[in-house]
Each structure stands twice: as C-alpha cells, then as structure tokens.
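This report concerns only the one structure given below.
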Amino acid sequence: MDLKELYKDVIVDHNRSPRNFRKIPDATRIQEGFNPLCGDKLTVYLKLDGERISDLSFEGSGCAISVASASLMSERLKGKTVMEAQQLFDKMHALLTREDADSDLESLGKLAVLSGVREYPSRVKCATLCWHTLKNILEHPGNPPVSTE
Amino acid sequence: MNARHDRNPLLMPDFDAPRWRRDFPILQQQIHGKPLVYLDNAATSQKPQAVIDAVADYYEKLNSNVHRGVHQLSELATVAYEGAREKLRRFINAATLKEIIFVRGATEAINLVAQSYGRSRFQSGDEIILSEMEHHSNIVPWQLLREQMGAVLKIVPITDAGELEPGAYEKLFSSRTRLVALAHISNALGSINPVKKMIAHAHRHGVPVLLDGAQAVPHLPVDVRDLDCDFYAFSGHKMFGPTGIGVLYAKEALLAEMPPYQGGGDMIRTVRFTGSTWNELPHKFEAGTPDIAGTIGLGAAVDYLGSIGMLAIRNYEQALLEYGTQRLQAVKNLKLVGTARHKAGVLSFVMEGIHPHDIGTIVDREGVAIRTGHHCAMPVMEHFRIPATARASLAFYNTRDDIDALVQALEKVREIFR
C-alpha cells in the first residue's frame, strides 16, 4: 500500500492545523488518554448541554495519526448527542480494527480517511486513542486515564 | 592502509563491512520491495550464520540436559555449555569461570544483583547512585528494592549534550552510599560514560559499581579487570547472539557472599526438608535447566566477534558514526538528541513538526528499520522535554550506503509533511 493511503491530505492538514485544539474552561468532563508505546498523550474536554455535546476539544502531543483522529473526532461530534457519539465510536472502532468494515464508509464522511491505518497494525492504537478516551468520558466520568497499551 | 586515507578523514578505515554483512542471512532480504537497511541494532542485533548454525547443531546433534547425565550426549552438551562460559570469560577478561553467571539478559542480571546483593546487604536509608540516562532495566529493579527495604535512589543529572553533569556524581556520595549502578553506554543517546574513572572514585569510598554493559559489549573491547567494575551486566541478543541469554559478571568475592537469587535444580549441593546447601560458583546462581542452546549460540557469537576484532569494530563504527552525524546534521529541521563528545553508534533525532512515530512508519516503507519511541528511557525523554525520538543505531555490518538510504528516506518524510 502506498504511504499516501495512510497520510492522506486530510490527515496531514488536520495534523498541521488541528481543529478544536484548546481547553474548555467550563468543561463538564475532562479525560486523559495515554499510549505508552509511542508517548502519545492527549486530554479530551467535553461540555454537555443535557444529552447534547455543546463543545468538544482536545490538547496534547502525538503523531499525525493520533492528532488528526482527535481533530476529526472533535469536528464531527460537536452538536451531536451522547447516543450518537457512542454509535460513532462503534463505527470507528470497526473501521479501524475490522477487515469487513468498508461497507459503511460513506456515513463516516471525512472520518473515512483514517481507514488506511488498518494496514499498519502498529499504528491502529494511535488512531483509536482519542476514541477510547471519549468512550471512557461518556461511560465512566471520573475514571483514571485511558491507556491503549 | 591506502594512501587516500590520510587525505580524507571521512574515508572508512580498512574494514570490509560488506564482507561481514554477507554472513547475516536476514540482511539479504527485501522489505516492502526495498533492500533491508537495518539500523535498529541498539534494540537487537542480527545473527550471523555461525550463530544460527551453532544453535541448530546443538538441537540436531547434542540436545540433552547438562551437569547431570552420564550418557554421551549429556557429557557433550555439558562440555559445549561450559565451553561457552570459557569463551565469555576470555571475551571480557574475567579472572575465573566462577565469575560468569548465565542469565536471561542484562535485565535479569541487574535484578539478580538487586535481589541477592542488595536485599541481603542494604538497610533502610542506604543509598544507590544511578544516572538520568539509565535504561528502565537499571532503574526499576532499584525502585523495587526501594519499596522492599527503603533504599534511597540518588540520580546523576545529564547535560543537554547527553553527558553526565560534571562534578555531580562525586557530590552524591555519602556515608550511606552502598552501590553505583550506571550505564556503560546510553542506549537512547549513545553517550559513553567515563566509567573507569567513576569506578575508581566509588572504590575510594568503598562503594562497589555495577555497569549496565548491554550497549557496550557489542561495540568496543570490554575488559572487566581493567575497568575494575564489581558487576557487569550484558545481553546476548544485542551482541549478535540469541535472545534469552545474557551474562552477569561479578567479582568472585562478592558472589561468594551473596545468597542465591532463585532456588531449584542445579544450584544446590544437597536438599533435605530440614534445609539445603548450595552448589559452588557459578552454579549457585543458575537454578533450573539453563538456556543451553542460547548459551552455545552466544559462545559462537563471541567466536565470530573475535574473528573480526572488537578494536576494528569500534574504529569502524566510530568512522561510520561520524559520517552519519554529518549526513543527519545536514537534513533540514532535524535535531540530534545526544551529542556527547564520546559516543557510540547511536543517532537519536527529532524533526520539527513531525512526530518520530510517523518518521518510523514512513522510512520503514523505504526498507529502513529504525526505532521510534522513548527507548525504555523515559527520564531521558523528560530531560529533553520530548515524548519520543527516532533512533538509528549502528553495527559493524552497516555501511555508508545504509546512512545514505536513511537520509533519502527522511526526504520522503519531509515530502509527505511538506
């Protein structure tokens, strides 16, 4: 597979200029995620308005895949409900880890650019880190940091 | 020596790396359709045919348990196993065979010293001196000891060049100092520490010294008696031998006083339910059936290194390091991490705006294998305030072509992140 399949322009762009890369001062929930293998570390900030995600942001340092994944995630989920976020987690998890997940690429929109990661087993955890962190934040507020190792 | 050598300091000393490279079957293959350029030798080295054959021969012709059978195979296996011990003794110039303990690797060797020597001798408040550049394997065993008995860890800081801070080591000694545990060569930075001088200083305080030699033994001549170190730990797999085998060297007088590390077969003289007595050195520290094949393979690796010569290897790698340093320094927005004056063949680096993990993935597609991450030296990363580095590490089978391939692959990285 060509490297361009992994480092698609959208990923390179979101790495260079990550969206929603900031703190939320009045966040409802804050969660840290860590990948000790490569040192990727990020903090996800979530602000809820009832069941709706009124703001979602992140900070941290990581490789292009992990930063782009978190950037795309924040862009996509702002304004969505907690239920929709959980459904998207399931879809993304399938996309990043399962061979047979291509059928639903269209509904994922821009997030589908991350599908190339599947061909690089050592990099899958980079892409899933922010998603696991988000899942943790939604299901178990106040948990210890997420680790993908 | 050819005449051109005098004129061009970058020209390699007479050393036929391509000839030695042909002894390594794994290096003949292609990765992602490109010739393999293996620059991850500090993680593990490749194995020459002689080592592979020695391991296979053992299983095909000698396999049986050592030190116990009267049958022919057991006797031959014992001779081969103990023969390897003699090869290792000579290789590091230990005084006697009693001082060569076979273990799983440098990690187990250091844990052995912590749990046997440390636990039997140290008291709460006793101090161990380490450095900021240690591999986790020379940090965590001492932290376990700290939890078990309240030992105190004192850390020699490093400079931004990756050298031990001048004068800091000497200041850490106190009446409670019981041990110095120090990397001979840093795996993350390549720095060669002035260990001989540091050992002499510790001895003036009556303090023994353990050296983590995992990165030194494969790259320069090591003479434990000349160094006068008290413990020396190293791994077979980083010196072109098999995984799962390594050596703890320790002075006989220390080993004689130390209690066993693990109990089991082979390490005992007599066993009764009322109590047991221990076997003589070195067997007291080798409980259970050892890694016989691995030990014989390690012996073959030592023979192989001997046929090349450690001094020749060191000189060649120094020249290659110099070439690699110059080439990498010329790459735009690349910064070397670890620029000690005395360095072994480790080129750790970061590139502005590009995470090491991405560098590793992209150069891999060009057939170039490097390590990316914290290199099991998180305190070093913390010192430089970086999460990780990319690291190219050299062996004698690497050539300038390998460095050129890396530099070319880094251009590809820049292209993708332009």
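The values are calculated or read from the model by the stated rules, or taken from the named source; none is laboratory data. From a predicted model like this one, the values you see are computed outputs, not experimental measurements. We place every Cβ from the backbone using ideal geometry, glycine too, and count neighbours over all the protein chains shown. For the accessible areas, the whole protein counts, side chains as well, though only heavy atoms, and no ligand, DNA or RNA atoms are used. Shrake-Rupley method; radii C 1.70, N 1.55, O 1.52, S 1.80 Å.
Applying the criterion of at least 3 residues that are under 18 Å from B:Gln115 (Cβ atoms) to the helices (runs of 4 or more DSSP H) found wholly in region B:232-337 leaves B:252-257. The number of residues in region B:371-402 being closer than 25 Å to B:Glu415 by Cβ, surrounded by 24 or more Cβ atoms within 10 Å (Cβ to Cβ) and among the hydrophobic types (A, V, I, L, M, F, W, C) comes to 3. When B:Ala114 is tested against (1) in contact with a strand residue (DSSP E or B) (Cβ under 8 Å, 6 or more places away or on another chain); (2) under 13 Å from B:Asp212 (Cβ atoms), exactly one condition is not met: (1). Only residues that are among the hydroxyl-bearing types (Ser, Thr, Tyr) and either under 16 Å from the mean Cα position of the chain (by Cα) or outside any strand (DSSP E or B) (or both): list them for region A:44-57, please. Selection gives A:Tyr45, A:Ser57. Just one of the listed residues (B:Ala77, B:Ala114, B:Ala56) is over 14 Å from B:Pro282 (Cβ atoms), without any contact (Cβ under 8 Å) to a residue 60 or more places away in the chain and buried (at least 20 other Cβ atoms within 10 Å of the Cβ), and it is B:Ala114. Against the list (1) modelled with pLDDT under 95; (2) loosely packed, with under 14 Cβ neighbours inside 10 Å, the condition B:His67 fails is (2).
Give me the residue from region A:50-59 that is touching a Lys or Arg at 6+ places or on another chain (Cβ under 7 Å) and of a type in the set (A, V, I, L, M, F, W, C) and, out of that set, farthest from the other protein chains (Cβ to nearest Cβ). Checking each candidate, the answer is A:Ile53.
One residue alone among A:Lys91, A:Lys41 is without any contact (Cβ under 8 Å) to a residue 24 or more places away in the chain, open to solvent by 70 Å² or more (accessible area, probe 1.4 Å), within 11 Å of chain B (Cβ to nearest Cβ) and not in a loop (DSSP other than H, G, I, E, B), and that residue is A:Lys41. When region A:4-38 is filtered for residues that are within 12 Å of chain B (Cβ to nearest Cβ), under 29 Å from B:Gly33 (Cβ atoms) and surrounded by fewer than 19 Cβ atoms within 10 Å (Cβ to Cβ), the ones remaining, listed by number, are A:Lys4, A:Glu5, A:Lys8, A:Asp9, A:Val12, A:Asp13, A:Leu37.
Just give me the residues in region B:267-284 being out of contact with any Ser or Thr (no Cβ under 7 Å at 6 or more places or on another chain) and within 20 Å of B:Thr78 (Cβ to Cβ), in sequence order.
Step one: list which residues in region B:267-284 are out of contact with any Ser or Thr (no Cβ under 7 Å at 6 or more places or on another chain), which gives B:267, B:271-275, B:278-284.
Selection gives B:Met267, B:Trp278, B:Asn279, B:Glu280, B:Leu281, B:Pro282, B:His283, B:Lys284.
When region A:60-84 is filtered for residues that are without any contact (Cβ under 8 Å) to a residue 24 or more places away in the chain, away from chain B (no Cβ under 14 Å) and either open to solvent by less than 10 Å² (accessible area, probe 1.4 Å) or of a type in the set (Ser, Thr, Tyr) (or both), nothing remains.
Could you please find all residues in region B:149-171 being in contact (Cβ under 8 Å) with a residue 12 or more places away in the chain and of a type in the set (D, E, K, R)? Break it down into steps so the answer makes sense when it comes.
Of the residues in region B:149-171, the ones in contact (Cβ under 8 Å) with a residue 12 or more places away in the chain are B:149-158, B:160-164, B:168-170.
Hits for region B:149-171 are B:Lys154, B:Asp160, B:Glu163, B:Glu170.
The residues of region B:1-41 that are modelled with pLDDT of 95 or more, not in a loop (DSSP other than H, G, I, E, B) and not aliphatic (A, V, I, L, M), listed by number, are B:Pro18, B:Arg19, B:Trp20, B:Arg21, B:Pro25, B:Gln28, B:Gln30, B:Lys34, B:Pro35, B:Tyr38, B:Asp40. Scoring B:Ser348 on the criteria (1) open to solvent by less than 10 Å² (accessible area, probe 1.4 Å); (2) not assigned by TED's automatic domain parsing to the domain that holds B:Asn315 leaves a single failure, condition (2).
Residue count for region B:220-238, restricted to those that are touching a residue at least 60 places away in the same chain (Cβ under 8 Å) and open to solvent by less than 20 Å² (accessible area, probe 1.4 Å): 8.
Is it the case, given these coordinates, that B:Tyr58 is within 14 Å of B:Gly241 (Cβ to Cβ), in the same structural domain as B:Gly150 (by TED's automatic domain parsing) and among the hydroxyl-bearing types (Ser, Thr, Tyr)?
Values: within 14 Å of B:Gly241 (Cβ to Cβ): yes; in the same structural domain as B:Gly150 (by TED's automatic domain parsing): yes; among the hydroxyl-bearing types (Ser, Thr, Tyr): yes.
Spelling it out, B:Tyr58 is indeed within 14 Å of B:Gly241 (Cβ to Cβ), in the same structural domain as B:Gly150 (by TED's automatic domain parsing) and among the hydroxyl-bearing types (Ser, Thr, Tyr).
Closer than 18 Å to B:Asn398 by Cβ, surrounded by fewer than 16 Cβ atoms within 10 Å (Cβ to Cβ) and free of Cβ contacts under 8 Å to residues at least 60 places away in the same chain, is that true of B:Gly309? Yes.
Does B:Gly244 meet the test of being crowded, with 23+ Cβ neighbours inside 10 Å and either more than 28 Å from B:Ser124 (Cα to Cα) or in contact with a strand residue (DSSP E or B) (Cβ under 6 Å, 6 or more places away or on another chain) (or both)? Considered against the rule, which asks whether it is crowded, with 23+ Cβ neighbours inside 10 Å and either more than 28 Å from B:Ser124 (Cα to Cα) or in contact with a strand residue (DSSP E or B) (Cβ under 6 Å, 6 or more places away or on another chain) (or both), B:Gly244 comes out as no.
Of all the helices (runs of 4 or more DSSP H) wholly in region B:338-418, which have at least 3 residues that are more than 20 Å from the chain's Cα centre (by Cα), within 12 Å of another protein chain (Cβ to nearest Cβ) and in contact (Cβ under 8 Å) with a residue 24 or more places away in the chain?
Numbers: elements: B:356-364, B:378-383, B:400-416.
Because the criterion is at least 3 residues that are more than 20 Å from the chain's Cα centre (by Cα), within 12 Å of another protein chain (Cβ to nearest Cβ) and in contact (Cβ under 8 Å) with a residue 24 or more places away in the chain, the helices (runs of 4 or more DSSP H) in region B:338-418 that meet it are B:356-364, B:400-416.
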